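The values are calculated or read from the model by the stated rules, or taken from the named source; none is laboratory data. In this text the structure is predicted, and so the values were computed from the model without any measurement. Cβ placement follows ideal geometry from the backbone for every residue including glycine, while neighbour counts extend to all protein chains displayed. Each accessible area value is taken on the protein alone, full model and side chains, heavy atoms only, with ligands, DNA and RNA left out. Shrake-Rupley method; radii C 1.70, N 1.55, O 1.52, S 1.80 Å.
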Amino acid sequence: MEIYLDANATTPVLPQAKAAAIQAMVEDYGNPSSVHSTGLKARALIDGVRARAQRLLDTGAGQLLFVSGATEGIQTAVLSALHALRARREAGLAIGSQLLYGATEHKAVPEALKHWNAVLGLNLAIRAIPVDTQGRHDLEFLQREAPEAGLVCTMAANNETGVISDLTGIEAALNASGSSAFWMVDGVQALGKLSLRLSQSRIDYAPFSGHKLYAPKGIGLLYVRAGAPFTPLMAGGGQEGALRSGTENMSGIAALGAVLEALEDKEGKTFRSHAEMSGFRARLAAALEQAFPGLVYNAPLAQSLPTTLNFSVPGLSSRLLQDLFDAADVRVSGGSACSAAKAAPSFVLQAMGLPDWQAAGAVRLSIGPAVDEAFIAEACARIEACGESLRRNCMSPADNQPTVGEGLSRFMLEGACCYVLADAAAQRCVLIDPQPEQVSRLAQVLRCQNYPVVAVLSSHGAAAHGEARALLAAELPDLLAASAEVDALGWPLTQTELELGAKRLRRQLLEGGGQALLLSEGGQGQACCLAFVAPQHAQALGEQIGAQTLIAPPSDEAQLLASNLALERGEAVAAPLLQLSGTQLQQFVDAHPDALLIDVREPYEQFLSQTPELAGVALQAMPLSRFLNAIPGWLAEQRPLLFFCRSGNRSRQAAQALARLGHSQAWTLSGGLALLPDAPVRAAAADPALLV
Ligand code: PLP
């Protein structure tokens with residue numbers, strides 16, 4: 001069962017809203033502009049829903065329009081205000097020189113300001129109202145700048161952090177400034193969670209969105225204060241009193257009506273009270289704190305919606321946390337937009353002045369007011385399981401379980417690769433190219449396996465590697481001798497070879513600086529089976545490596561994972577990447593009974609989740625971070641390989657790498673487990689087979 005904790009993004013549709021929508025589509029399908037009985041029924045429905053919304057929002061003499069959603073409501077409000085400002089300016093009246101918006105507004109607001117300011121040729125300055133570290137607007141700034149403002153936009157509550165704006169304080173600042181600016185309040189995240197008495201304030205415009213509160217997508221509301229200027233965004237058949245033309249979205253309106261009915265019913269069972277939601281959030285927060293020791297909240301809970309938690313965990317990226325939650329079938333969202341290699345920090349958290357790691361590592365967990373006790377209990381249990389998975393995989397700052405380190409593990413940081421090479425029999429390890437930012441994570445791993453670190457090597461003599469070495473020596477004095485005599489590349493001065501049981505590491509100094517590290521297996525005199533070297537320098541190694549020897553690069557922006565000399569010299573031709581959709585999986589397995597299915601998700605995800613049950617098919621767990629260990633074995637066998645992961649991204653990388661290295665039957669499951677039609681599942685595969 002999915003636990004959906006992303007209600008600030010959107011919500012499922014309430015059963016009674018779905019029933020109302022179907023009724024409006026199938027039975028009461030009239031056009032409210034028609035004068036016959038079917039039309040009159042539709043008109044009565046619209047009027048009833050509007051009246052309910054007017055009561056709930058206390059709109060007084062103001063208008064309340066049905067629109068397609070908040071983005072349309074925002075456009076209409078901005079167009080209306082800016083059009084009026086232009087008319088005033090053309091009449092020779094002062095309109096100020098700027099448009100103000102809160103620095104943490106949803107992008108729809110500044111983008112609408114930019115758009116309509118340009119389209120209407122107003123060319124006013126568009127400026128952000130700063131917020132403090134708690135996400136609250138700088139009211140002194142507002143009071144100082146408001147006299148020069150034509151329009152001020154401040155959201156009621158923030159979608160990323162849940163921070164509730166001080167609307168009373170903002171109104172007081174506007175009044176005290178003597179400003180005649182129009183005021184728009186984006187009420188999207190407040191609907192159903194905070195009481196908004198619109199007609200009691202000077203708010204001119206307030207947009208709302210149905211899909212944030214259990215109505216379907218495509219329906220929203222716009223409040224317009226009595227007397228506030230209005231310009232329709234859409235002209236046409238004159239619907240909504242000619243304020244918003246276009247045949248009304250009757251099923252959306254009916255569904256929204258059912259939601260509002262449940263909201264208005266104070267004795268009803270559908271929505272929780274503010275106090276109940278605060279209690280639920282406290283339980284979720286306790287589960288998070290237990291699962292992720294050291295967690296920090298990115299906004300004060302006391303000043304935030306009782307349905308939102310935004311947090312960061314030192315040493316764990318937003319992407320990693322999202323993958324972890326997703327593996328536990330818990331849907332959360334990153335507080336920031338992620339690209340494959342780099343997490344873009346959240347502009348909201350940056351505007352609050354939070355440190356970069358917090359802004360880039362944020363995770364948002366949000367519930368809707370219709371959740372119940374059983375749901376929260378299950379959510380807490382899953383969060384606790386996420387914490388357990390981290391402890392089992394040496395990724396928690398506390399109580400990690402000891403692990404056996406064997407073979408090669410890769411740790412990525414913005415395209416740069418760090419490798420840990422460990423030997424379980426000899427209980428020793430070597431680190432290659434660590435970065436200071438990775439030290440706490442690496443220290444956890446090394447502490448868990450508890451092997452002495454024979455050397456911390458740098459492939460190209462970067463100062464960062466030396467810095468990481470010193471930091472690690474300080475954190476792990478018993479495993480890494482700070483005083484060991486090493487050269488600028490970290491190589492121990494007295495040694496020509498580093499011995500890790502049957503594994504041996506030699507080096508070759510490269511012209512122009514740096515070193516290639518050559519791994520061999522099975523005792524002295526064996527040929528190199530893996531070279532740690534930039535592919536463009538591999539040619540310089542001459543006879544020391546063969547055309548097929550695996551090359552592990554120091555950086556991998558292109559996500560190739562590995563290479564070899566034959567590829568670098570252009571002598572080898574990559575095999576095609578083969579793709580399979582979820583619906584073809586059974587067919588594939590029937591056609592290839594010898595196939596090996598390979599789960600490339602990380603162990604902390606595999607611990608939490610299940611994999612497809614496919615009778616008689618071999619399944620292997622080989623996380624992408626340990627992928628190089630298995631490549632030689634797979635290439636030697638050439639049996640069909642089907643890689644899979646959650647979304648199809650990592651399995652594509654994996655299959656692409658194998659195909660590039662010449663495997664003729666490397667398949668990826670497109671869309672990953674996420675798109676797999678419901679299939680029987682079984683517990684994740686056992687420990688990765690270690691083939692080095
Ligand atoms: N404003 C806020 C605060 C939001 O959270 C959202 C949705 O993410 C919007 C505006 C846009 O709403 P809609 O999806 O209805 O256009």
Residue pairs within 7 Å by beta carbon, gap of at least six or interchain, first lying in region 173-187 and under 16 Å from ILE95 (Cα atoms) and touching a residue at least 40 places away in the same chain (Cβ under 8 Å), second open to solvent by less than 10 Å² (accessible area, probe 1.4 Å) and in a loop (DSSP other than H, G, I, E, B), listed first then second, are PHE182/ASP204
Would you be able to say whether some residue in region 199-206 is farther than 23 Å from GLY135 by Cα and surrounded by fewer than 24 Cβ atoms within 10 Å (Cβ to Cβ)? yes
Scanning region 110-119 residue by residue, those in contact with a strand residue (DSSP E or B) (Cβ under 8 Å, 6 or more places away or on another chain) and open to solvent by less than 30 Å² (accessible area, probe 1.4 Å) turn out to be PRO110, LEU113, ASN117
In region 1-17, anything part of a helix (DSSP H, G or I) and within 12 Å of LEU256 (Cβ to Cβ) is listed as GLN16, ALA17
Checked region 209-224 for anything more than 15 Å from LYS18 (Cα to Cα) and over 24 Å from the mean Cα position of the chain (by Cα); matches are GLY220, LEU221, LEU222, TYR223, VAL224
Counting only strands (runs of 3 or more DSSP E) entirely within region 510-608, those with at least 2 residues that are open to solvent by 30 Å² or more (accessible area, probe 1.4 Å) are 578-580
Checked region 296-321 for anything of a type outside the set (Gly, Ala, Ser) and open to solvent by less than 10 Å² (accessible area, probe 1.4 Å); matches are ASN298, LEU305, PRO306, THR307, THR308, LEU309, ASN310, PHE311, VAL313, LEU321
Filtering region 88-109 for residues that are touching a residue at least 12 places away in the same chain (Cβ under 8 Å), part of a helix (DSSP H, G or I) and either away from the ligand (no atom under 16 Å from the Cβ) or open to solvent by 10 Å² or more (accessible area, probe 1.4 Å) (or both) leaves a count of 2
When restricted to SER440, SER459, the only residue assigned to a loop (DSSP other than H, G, I, E, B) and on the phi < 0 side of the Ramachandran plot is SER459
Residue in region 166-179 that is crowded, with 21+ Cβ neighbours inside 10 Å, assigned to a loop (DSSP other than H, G, I, E, B) and within 16 Å of the ligand (Cβ to nearest atom) present: no
Only one of (1) away from the ligand (no atom under 16 Å from the Cβ); (2) of a type in the set (Lys, Arg); (3) surrounded by 17 or more Cβ atoms within 10 Å (Cβ to Cβ) does not apply to LYS193, and that is (1)
Being over 22 Å from ALA527 (Cβ atoms) and touching a residue at least 24 places away in the same chain (Cβ under 8 Å) narrows PHE644, PHE627 down to just PHE644
Here the qualifying pairs (Cβ atoms under 7 Å; residues six or more apart or on different chains; first in region 517-545 and closer than 20 Å to LEU635 by Cβ; second among the hydroxyl-bearing types (Ser, Thr, Tyr) and assigned to a strand (DSSP E or B)) come out as GLN526/SER520; ALA527/SER520; CYS528/SER520; CYS529/SER520; PHE532/TYR419; PRO535/SER563
Checked PHE375, PHE325 against criteria (open to solvent by less than 10 Å² (accessible area, probe 1.4 Å) and among the aromatic types (Phe, Trp, Tyr)); the one match is PHE325
Take the conditions of a type in the set (S, T, N, Q), at pLDDT 95 or above and within 30 Å of ALA381 (Cβ to Cβ) and apply them to SER273. Does it pass? no
Among the residues that make up region 37-49, is at least one of them at pLDDT 95 or above and under 30 Å from GLY162 (Cα atoms)? yes
Scanning region 180-190 residue by residue, those within 16 Å of the ligand (Cβ to nearest atom) and either more than 16 Å from LEU151 (Cβ to Cβ) or surrounded by fewer than 24 Cβ atoms within 10 Å (Cβ to Cβ) (or both) turn out to be GLY187, VAL188, GLN189, ALA190
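If you take the residues of region 146-163 that are part of a loop (DSSP other than H, G, I, E, B) and either away from the ligand (no atom under 16 Å from the Cβ) or out of contact with any His (no Cβ under 8 Å at 6 or more places or on another chain) (or both), which of them is most open to solvent (accessible area, probe 1.4 Å)?
GLU160
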Residue hits (region 464-509; assigned to a loop (DSSP other than H, G, I, E, B), more than 16 Å from CYS429 (Cα to Cα) and open to solvent by 50 Å² or more (accessible area, probe 1.4 Å)) are SER483, GLU485, ALA488, LEU493, THR494, THR496
The one condition LYS217 fails out of (1) of a type in the set (D, E, K, R); (2) within 16 Å of the ligand (Cβ to nearest atom); (3) open to solvent by less than 30 Å² (accessible area, probe 1.4 Å); (4) touching a helix residue (DSSP H, G or I) at 6+ places or on another chain (Cβ under 7 Å) is (3)
Pairs returned, first residue in region 576-592 that is over 12 Å from PRO640 (Cα atoms), second residue that is among the aliphatic types (A, V, I, L, M) and open to solvent by 70 Å² or more (accessible area, probe 1.4 Å), beta-carbon separation under 8 angstrom, 6 or more apart or interchain, are SER581/LEU675; GLY582/LEU675
Of those in region 220-236 that are farther than 16 Å from GLU261 by Cα and open to solvent by less than 10 Å² (accessible area, probe 1.4 Å), the residue nearest to the ligand (Cβ to nearest atom) is LEU222
Filter region 53-87 for residues that are within 12 Å of the ligand (Cβ to nearest atom), aliphatic (A, V, I, L, M) and closer than 19 Å to ARG202 by Cβ; the one that is surrounded by the fewest Cβ atoms within 10 Å (Cβ to Cβ) is ILE74
Here is a check on your reading of the model: is ASP47 among the acidic types (Asp, Glu) and either touching a residue at least 40 places away in the same chain (Cβ under 8 Å) or within 20 Å of PRO369 (Cα to Cα) (or both)? no
